[in-house]
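Before any comments, here is the structure.
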């Protein structure tokens, strides 16, 4: 297909496609004359991936460049390619002023992984995030030990193995697997977060035996 | 205690305390002379709540003012007071250009609540958030029907009833209950999110039978 058809098919405007071509995010089309190139399904897929990284992942161009490089490096195992995308989605952690407390929390994040039998690399930015959250919880007097976090970890693993990983098209094109992982990570995370707050509203109403705001007064709790 | 002691106890600088007093976020102390007032435990608790709303909830002053008003209105049932804080934490949803699709998604979010037997008010901004996420998932070709979302809802409810609500001090001072709810909602949400991404790394490594980056090559998957 020509660039105008690629634009129609992908819903990405032609100037944006040209920009991605110049930036090397989208592979060049097959040149059929000095001024004309044709594009194929692989270009449509790549555009889908780039849009997902921008619109759903809200990732900056530098991160997208890194992910596209991992997608294109066929010698990189799928697991490492997915890891590149997953790590790009992690906000990481700001440095904590109390270095000693930080190291302690980081060690406990790693210890939780061992206890659960999870194999994650020691340099995962997600472990920094977990450590920072542990530190914040403790400073505010909320439980953040293995016992408090285990139920969250087990629920997370159950959703990942039961719902999310079975849907990732591991044996299709590399772009598609990354796109799927990024969309799933961000959007099902957002869905879970909303559902958890809705569960709070519903269950605390039940517990306190009160009607919801907007509910009928006198309705049983 | 005097304002200097309140500052030391709460770790909030005196000028900030004076600002909260002027803004009506912190009740006035008991005046003991024309230039001197004394403060008590209720002031310490209120300062903890305000700091939690700012630092953990990242809420703007207007939202904090609303929450403090709900805390101070003793005629407002606890459930409604907590709802005010919970709704303030919800980012809500941007208006969607496709009004028809949006209404459809919003209906499905409500239908999911009925199906689960959850009692939430129809005007909950969290339902808007859920509807927007449903719409985004569908546009990207990911399942977002009741069957796909139910496992997330059930996991969320289990964590809320098993872990989170039992820790909220419902029968203590109103400030403390709100503080607890806000910290718990935000920070355990953040912990779950990090753990879910760590589970992804660990389980996709297991599934693909690959060693993690930084793992020993040849280690069993």
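Quick note: the coordinates plus some simple rules give every number you see, no bench work behind them. Note that the structure is a prediction, hence the values are computed from the model and not measured. All Cβ positions, even for glycine, are placed from backbone atoms using ideal geometry, and neighbour counts span all protein chains on display.
Relative to the other copies, what are the label-point distances for residue B:154, with labels 7 Å from Cα along the C-beta vector, expressed in nm at one decimal and sorted shortest first?
In nanometres, ordered from closest: 1.5.
Which of B:96, B:128 has the fewest other C-beta atoms within 10 Å, and how do the rest follow up to the most? Write down the numbers at each step before the final one.
Working: B:96 17, B:128 22.
So the ranking, lowest neighbour count to highest, is B:96, B:128.
Measuring label to label, 7 Å along Cα→Cβ, what does residue A:141 give against each other copy in nm, shortest first?
Distances between equivalent label points, in nm: 5.2.
For the stretch A:3-79, calculate the relative contact order in percent as a whole number, restricting contacts to Cα pairs under 8 Å that are 6 or more residues apart. Can you show the working numbers first?
Working: 42 pairs, mean separation 18.0, N = 77.
The value is 23 percent.
Quick one: if the Förster radius is 30 Å, what FRET efficiency do residue B:62 and residue A:61 give, using the C-beta to C-beta distance and rounding to 0.05? Numbers along the way, then the final one.
On the way: r = 34 Å, r/R0 = 1.14.
Using R0 = 30 Å, I get an efficiency of 0.30.
Between residue A:18 and residue A:111, what is 0.36 nm times their sequence separation minus the Cα-Cα distance? Round to one decimal in nm.
28.7 nm
From zero outward in steps of 10 Å, how is the percent of C-alpha pairs of the stretch B:111-156 spread across the bins?
Spelled out bin by bin, the stretch B:111-156 gives 25, 59, 17 percent.
I'd like the FRET efficiency for residue A:101 and residue A:147, computed as 1/(1 + (r/R0)^6) with the beta carbon distance as r and R0 of 25 Å, rounded to 0.05. Could the numbers behind the result be given before it?
Numbers: r = 20 Å, r/R0 = 0.80.
Plugging the Cβ-Cβ distance into 1/(1 + (r/R0)^6) gives 0.80.
What number in nm² do you get for the stretch B:3-79 if you take the convex hull of its Cα atoms and divide its surface by four? Could you put the intermediate results ahead of the total?
On the way: hull surface 22.6 nm².
Projected area, direction-averaged: 5.7 nm².
Rg and Dmax in Å for the stretch A:89-207, alpha carbons only: what are they?
Reported Rg and Dmax, both Å: 16.5, 49.
For every helix of n ≥ 4 consecutive DSSP H residues, a contribution of -39,500 (n - 2.57) applies; sum these over chain B, divide by its total residues, and give [θ] at 222 nm rounded to the nearest 500 deg cm²/dmol. Write out the running numbers ahead of the final one.
Details: 9 runs with 135 residues, N = 221.
Computed ellipticity for chain B at 222 nm equals -20000 deg cm²/dmol.
Please give the per residue volume of the convex hull enclosing the alpha carbon atoms of the protein assembly as shown, rounded to a whole number of Å³. Spell out each step's value before the answer.
Values: hull volume 74.8 nm³, N = 442.
About 169 Å³ per residue, rounded to a whole number.
Just want the ordering: A:192, B:170, from fewest to most Cβ atoms lying within 10 Å of their own Cβ. Each step should come with its number before you reach the end.
Values: A:192 25, B:170 17.
The most exposed by this proxy come first: B:170, A:192.
Remind me, relative contact order of chain B in percent, using alpha carbon pairs under 8 angstrom and six or more residues apart?
Values: 162 pairs, mean separation 40.7, N = 221.
Reported as a whole number, the value is 18 percent.
Could you tell me what a quarter of the Cα convex hull surface of chain B works out to, in nm² with one decimal place?
Working: hull surface 70.8 nm².
Quarter of the Cα hull surface area: 17.7 nm².
Points 7 angstrom from Cα along the Cβ direction at residue A:94 and residue A:38: gap in nanometres?
Rounded to a tenth, the inter-label distance reads 5.5 nm.
Give me the angle, in degrees from 0 to 90, between the Cα long axis of helix A:78-88 and the longest principal axis of the Cα atoms of chain A, rounded to the nearest 10.
70
List the distances, in nm to one decimal, from the label point of residue B:34 to the label points of the same position in every other copy, shortest first, placing each label point 7 Å from Cα along the Cα-to-Cβ direction.
For residue B:34, the other copies' label points sit at 9.3 nm, shortest first.
Of all the residues in chain A, which one has the C-beta that comes nearest the axis relating A to B, and what is the distance in Å?
A:155, 2
So what's the angle, to the nearest 10 degrees on a 0 to 90 scale, between helix B:99-116 and the longest Cα principal axis of chain B?
80
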